[in-house]
Each structure stands twice: as structure tokens, then as C-alpha cells.
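Okay, so here's the structure we're looking at.
The values are calculated or read from the model by the stated rules, or taken from the named source; none is laboratory data. Values in this document were obtained by computation on a predicted structure and should not be read as measured data. Cβ coordinates were reconstructed from backbone atoms using ideal geometry, including for glycine residues, and neighbour counts include every protein chain displayed. Heads up: the accessible areas ignore ligands, DNA and RNA and are worked out on the full protein's heavy atoms, side chains in. Shrake-Rupley method; radii C 1.70, N 1.55, O 1.52, S 1.80 Å.
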Amino acid sequence: MLLQLLYEYVCAHPLLISSTLLILYIAHITLKPLNRIRRLGDVGLFFGKPELSGIYRERQLERLKLLRRMGEMPPVFPNGWYCVCESEKLEKNQIMEITVLGQFLTLIRSESGSVYITDSYCPHLGANFSIGGQVVNDNCIQCPFHGWIFSAETGKCVEVPYDEGRIPEQAKVTTWPCVERNQNIYLWYHSDGAEPEWEIPEIPEVTDGTWKFSGRTEHEVMCHIQEIPENGADIAHLNYLHKSAPPITKGSNIINTDLTDPQPVVQHVWDGKWEVRSEEEKHCGVMHLSQYMTLWGSKLPLTESKLIAEQLGPGIVHMTFDFGFWGKGIVFQTVTPEEPLLQRVRFRMYSDIPWFFVKFFLAVEAMQFERDVYVWSNKKYLKSPLLVRNDGPIQKHRRWFSQFYTENSPRILKDGSLSNQAKSVFDW
Ligand code: FES
Ligand SMILES: [Fe+2]
């Protein structure tokens, strides 16, 4: 009866119904926090004109990797904390395969909510825990092959279901130090087996909910990890590559953008400096940046922002923004070396800024970031760059960054293989 009435009403007012649905849909799209994901090849690489597709696109990607000159690069996995997952993506009792430091590892959330990371391969007969394994007894992993159970905390085998004898000493899987902070899950890596040397600061406004989740972006970038943080010390590129506001129609594609325009209609004006925080906290580099926008050369009101970006080791940046009238917030930028030359870069923003402004800001930020992706994905690493006076503290940044490498840090060899595999600090 009700359905019949509804049907008649819809038939009588088709225009009203369809326009209401359209408005609801548009509101849903615009109110939702931004979630921009760009996989390898989506941005930053050139696939010909007209764009190649299908198998030709895949072949072109292989060629781009093969023909690219990489230069004399530093080691590929610096020491530090790396984000391996965002908190809400790992539920209780979930087991997940992660890729980091050129290998698969297994990430687990116990029934009581703690997180653990272990090697993926079972010491019994080599099955991969994350493919079919289960979380059991709160924080243990049960292997999918013969059902052996390992503590994710200690790595020790605690049960062999079909054997009553003593469990062999060697029945142990390697675990990795990890921590959950600011709604991200981080893994610690050190090439000499040193345990965590510094902590990731907790941001109270995020923990207590003063700043709400305002959106995220995720990019796969084909470059050496050091290229990404080095951008923070490269002050001169800001007022060239990032000068014009990204036109909505062209997005971030620098191949189609006129970067030489001396007076773009909408322009970003940047000013910044970079320095090491202190001798005691030498893992931290700080960039101060201010920015405003102009329209036909005149400063636009309410577009001014101040940013303090704390680079914490090679893989984490805490960017605190002050938008004056609009509010404040933080962007967590994390760079994770999944493969020697494949970085996963995540931005997660928390703020008290109105949703429409935050969404616009994050989208523009992402497009500006993608301009860098075009450069990073195709450039060569120059060990001795030709620097001039106002280039910014690039060499200072490199000296600072070199603290994250040691003799044992894995390097890429001429044949593309690694000098040694990254291993857990508990595996020494
Ligand atoms: S391979 Fe894991 S229990 Fe046998
Ligand atoms: Fe940049």
C-alpha cells in the first residue's frame, strides 16, 4: 500500500524527485572528506600523446623504469619510523599484508586492539601468515598451512595443534617494533639493529578530538625517498614550480601547465626557511613557510597561511597550519619506502577549519604535490648538484639527512638488486 502511494507520487513529480536526488548526491560528494588516491602511473609519468592504454601503457611503464637514469644514489632505506597503515583500516582481529622496505610483512590488530608486526613467513614450512592466517587467543597468529600458533608479541610458537611434544626453540618468527600514534601505525627500522632512538610526538588536538579528520590523500611515487623531504629545503622551487594556482581543468599536470607565466591570474606567493631543530633533537628538521594568494597581482584576503613543518626522521612530517580567520590544523605527511624506488606518500589532515575550505585547501595542496611528483618520477639524483646562492639549504639538508644512513644501509647495486635485505632490530 505504502509502496503503491510512493510509486504514484514519484510518477506524478518526476522532476522534483530527480532534482532532490541530485542535490542530495552533490551535498554527499562535497561534504565527504577528500579521499584522493593516485596509483603509480596516474600522475607524474608520460604515456604519450594520445595516451597509451592497456598493454601498451604497461609496456611504457616498464620502459620508463628501465631507461631512466637514477644517478649515484644514497642507500634506499634510511633509519626511522615509517607509516605502514592508517589506524581505521585495521580492525580488531584483522591480519593484513603490508609492503615496506622491499618486502612483505604481516600487520596484526589483536582482539584487545593492540598492533603488532611480524615477518610474514612461517618458520615451520614457509606459508605466508597474511594470506589466510587468523588472529587467535587475543594477540596470536595461527598459520593457514598446519595451524601452528605464534605470539605476535614475542614471535614464539605457543602451540602446535597436532603435536604434544616440546615446541622447538627455533619455532619463532621475527617481530618488528611498532607503535600506533596520531591514528597511524608506524614501524621502526634501523640498519644496525638499534632500537627506536626517538619517539613520534603525540598531537593532543588529534587524540582529544579538538581537530577532526578532514581528509586524506595517497600517492605512489617512483623515486628515491630522499627526494621528497629534500623539497622542504629547496626554497627556490616554491616560487617557480608552485607559483601558479593549479587550474581546475588541468590539475597538476606540468606538461600542460605554463610554469613560465610571470603573472598567473591566481598566484601563490611563498616565503620559507629550513633548519635543524637542535643538537638534542637532531632527527628533526623544521621548515617555516608562509603563503598567500594573489588575483591579478593583488593579495586575496583570507588566503594567508603560516606553516611549521617538522620533519621527523626520513619518513614523517608534522605540518601545523594556521589559517588565521579560518582556523588551525595539522597534516601528517608520511613517506614509506615500499620498494627501493617506490614511495607511498600519505597526507592526513585534522583541523577545526570549515569543511568547504579544508576540502579546497587539501585538493589544491594535493595538486601542488603532484607537480613535484612529475619532477621526482623522472629526475636523476645528482650527488653534486650545481647550486647557486638563493637555492636554499639543500646541501645542509643532505648533511642532516645522512645521519639516517649507516654502512649497513641497503644500497641498489648495478644489476638493480639490493646490497642486503632490511631486517628487524630484533633479528640481530
Ligand atoms: S607452514 Fe605454518 S604451520 Fe606449517
Ligand atoms: Fe614542491
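What the table below lists for this structure:
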{"item": "Residue-span extension gain [Thr154 to Asp322] - 0.36 nm each, minus C-alpha spacing", "result": "56.2 nm"}
{"item": "Over region 184-404: Rg over Rh, Cα atoms, Kirkwood Rh", "result": "0.95"}
{"item": "Computed [θ] at 222 nm, deg cm²/dmol, the chain (DSSP H ≥ 4; -39,500 (n - 2.57); rounded to nearest 500)", "result": "-6000 deg cm²/dmol"}
{"item": "Those aspartates and glutamates that a straight Cα-Cα span of less than 13 Å connects to Lys306, excepting residues fewer than 8 apart in one chain", "result": "Asp271, Asp322"}
{"item": "Per residue solvent-accessible surface (Å²) - the chain, probe of 1.4 Å", "result": "51"}
{"item": "Using a Förster distance of 45 Å, the FRET efficiency for Glu180-Asp258 (Cβ separation, nearest 0.05)", "result": "0.50"}
{"item": "Sulfur and carbon atoms: percent of accessible area, the chain [1.4 Å]", "result": "57"}
{"item": "Across Lys89/Lys383; Lys299/Lys383; Lys212/Lys379; Lys243/Lys380, pairs whose alpha-carbon gap is larger than 29 Å", "result": "Lys89/Lys383; Lys299/Lys383; Lys212/Lys379"}
{"item": "Radius of gyration and Dmax over the Cα atoms of the chain, both given in Å", "result": "24.6, 80"}
{"item": "Glu169 paired with Leu5, simple spin-label distance in nm, labels 7 Å along Cα-to-beta-carbon", "result": "7.9"}
